[in-house]
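Data first, discussion second: the structure below is written as structure tokens.
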Amino acid sequence: MKVLDYARKAPAVSPSSPLAEAANRMLVDASDICLVADGDYVVGLLTTRDLVEAAARGVSPKLAVVEALRGPPLLLEGYEPLWKAAEVMLALGVDAAVVTVGGRCVGVLRAEDIAGLEGQLSEASAFAEVVESYAPPA
């Protein structure tokens, strides 16, 4: 199982787009996440939770999306094993990541999308450890 197999599309807005535009795109696409991209460069992920927090703080819907981001996104290479991505996401405490192939964004991965695969992921991780233990020294 590779990260790319579980990546999903998400709407995108520019960093200068107002929060209201991002919320509208998320609503139209029935998505709980929005890519914030400057051309091909993804600068962040805006989630429904981010929008709720902004509204609770009384932030204007005209505020630029970039002002509501929590920080730079986690980037995961699409061809990496899914169990490695799960380990990294868990270790960093992130619930969403940008999936890339050759440096280009191809979608997003949400922790909730892979949460039901816990048993399979731990088996894959254990198998990888066994294989690595038998690898000849470099």
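Readers should treat all values here as calculations from the given coordinates under stated rules, not as data from a laboratory. Because the structure is a prediction, the values reported are computed rather than measured. All Cβ positions, glycine included, derive from the backbone under ideal geometry; neighbour counts span all protein chains shown.
Here are a few things to note about the model shown:
- Isotropically averaged projected area of the stretch 69-112, using the convex hull of Cα atoms (one quarter of hull area), nm²: 3.1 nm²
- Loop chymotrypsin sites (Phe, Trp or Tyr not before Pro), the stretch 28-86, which have at most 15 other Cβ atoms in a 10 Å radius of their Cβ (DSSP): Tyr79
- Highest mean packing first, where packing is the average number of other Cβ atoms within 10 Å per residue, the peptides 1-11, 22-32, 50-60 line up as 1-11, 22-32, 50-60.
- The stretch 3-133, relative contact order [Cα under 8 Å, separation at least 6], %: 26 percent
- Entry for the stretch 49-94 at q = 0.13, 0.32 Å⁻¹: log10 I(q)/I(0) = -0.46, -1.16, Debye formula applied to identical alpha-carbon scatterers, no solvent contribution.
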